[in-house]
Amino acid sequence: MSQIVTAGAAHRRKNLRRGGLQAFLITMSVIWLLPLAWALYTSFRPYDQTATYGYVSIGGIYNLDNYVNSFNQGQLPMYFLNTVIILVPAVILVLFLSSMMAFTVSRYSWRFNLILLMVFSGANLLPPQVIITPLFRIFLVLPMFAPLSDNGVMYDQYIGITLIHVAFQMGFCTFVLSNYMKTIPKALNEAAVVDGASVWKTYWTIILPLTRPALAALATLQVTWIYNDFFWALILMKTGAKYPITSALNNLQGEFFTNNNLIAAGSILVAIPTLIVFFALQKQFVSGLTLGSTKE
């Protein structure tokens, strides 16, 4: 009888803990989503209404004028194209270069492979703001970059922002892909060597196709991260017409007056592509959160 009572009490405590955890998660989710929900609500309200009744108010007129105005005034199609020009080469280069680096450190044993992997991984711990001054001088001042343009080869250029993203994202991708490649049997490498395959052919025709799940997950993550970047273009570009879409949202601010309803609508429009990418590749995105966290 006492065992039944003890088991019932333990079951109730377990249910209580589970209920408390669920309540905590629901509360945190609501807190997390509340600013987004309020921005969405504000984007449908005319500025005159919020100026009269305040942003913390309900009721009145709702329309799509802010979306139309932000799309036209902000010239969003042009800035979307700028983002594509930066995003596509950056993602391709990151995945290509990091996969080659991961192949080297995971499939071959040599003196400095662990040190090299630590250097790539340790670069992720460096805050970008710390190196903005030397990077600015590299982009703008050094004579080796001066001959091709007044601003240097990379300052105020798409290629500069693209290479910055490649440099900062390679560490994470190399770490993840190297751990993933370690799960591939090395017998495949040995068989390729016996068949006379070169190192490049082994990488390109054998190992790389087997890492497609990892590459798909990383591509999803990289598209999201690089697309959402605000910092680098704002610092390393001076021509407003070259800004990517996230940095171009600053153009919706006036010199003496800011329509926050308009900015809210523009922000929602800018967020739509990342939502499409997430829902289209949700499986790869979720798997990417734990990709490379374990190894043999």
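The values are calculated or read from the model by the stated rules, or taken from the named source; none is laboratory data. Keep in mind the model is a prediction, meaning the values are calculated, not measured. A quick note on method: Cβ atoms are made from the backbone with ideal geometry, for glycine too, and the neighbour counts reach across all protein chains shown.
Of all the numbered requirements in (1) modelled with pLDDT of 75 or more; (2) in contact with a Leu (Cβ under 8 Å, 6 or more places away or on another chain); (3) part of a loop (DSSP other than H, G, I, E, B), ARG111 misses one, and that requirement is (2). When we screen VAL119, VAL88, VAL94, VAL130 for residues that are at pLDDT 85 or above and loosely packed, with under 14 Cβ neighbours inside 10 Å, the only hit is VAL88.
State whether one or more residues within the range 176-191 are outside any helix (DSSP H, G or I) and free of Cβ contacts under 8 Å to residues at least 24 places away in the same chain. There is at least one residue in the range 176-191 that is outside any helix (DSSP H, G or I) and free of Cβ contacts under 8 Å to residues at least 24 places away in the same chain. A single member of ILE85, ILE58 is assigned by TED's automatic domain parsing to the domain that holds ASN179 and on the phi < 0 side of the Ramachandran plot, and it is ILE85.
Residues of the range 197-225 that are touching a residue at least 60 places away in the same chain (Cβ under 8 Å), under 30 Å from ALA271 (Cα atoms) and either among the aromatic types (Phe, Trp, Tyr) or not in a helix (DSSP H, G or I) (or both): THR211 alone.
Among the conditions (1) of a type outside the set (A, V, I, L, M, F, W, C); (2) at pLDDT below 75; (3) under 21 Å from LEU218 (Cβ atoms), the only one that GLN169 does not satisfy is (2).
The set of residues in the range 159-170 being touching a residue at least 60 places away in the same chain (Cβ under 8 Å) and among the small types (Gly, Ala, Ser) consists of GLY160 alone.
Selection of the range 44-95 for residues being in contact with a Lys or Arg (Cβ under 7 Å, 6 or more places away or on another chain) and either under 15 Å from PRO273 (Cβ atoms) or without any contact (Cβ under 8 Å) to a residue 12 or more places away in the chain (or both) yields only ASN82. The single condition among (1) modelled with pLDDT under 85; (2) over 17 Å from the mean Cα position of the chain (by Cα) that PHE278 does not meet is (2). Could you tell me whether the range 40-59 includes any residue that is of a type in the set (A, V, I, L, M, F, W, C), surrounded by 11 or more Cβ atoms within 10 Å (Cβ to Cβ) and under 27 Å from the mean Cα position of the chain (by Cα)? Within the range 40-59, one or more residues are of a type in the set (A, V, I, L, M, F, W, C), surrounded by 11 or more Cβ atoms within 10 Å (Cβ to Cβ) and under 27 Å from the mean Cα position of the chain (by Cα). On inspection, GLN49 fails the criterion of being in the same structural domain as ILE268 (by TED's automatic domain parsing) and farther than 29 Å from LEU218 by Cα. Quick check on TYR67: is it surrounded by 15 or more Cβ atoms within 10 Å (Cβ to Cβ), farther than 30 Å from ILE159 by Cα and either aliphatic (A, V, I, L, M) or modelled with pLDDT of 90 or more (or both)? When the stated conditions are applied, TYR67 passes them.
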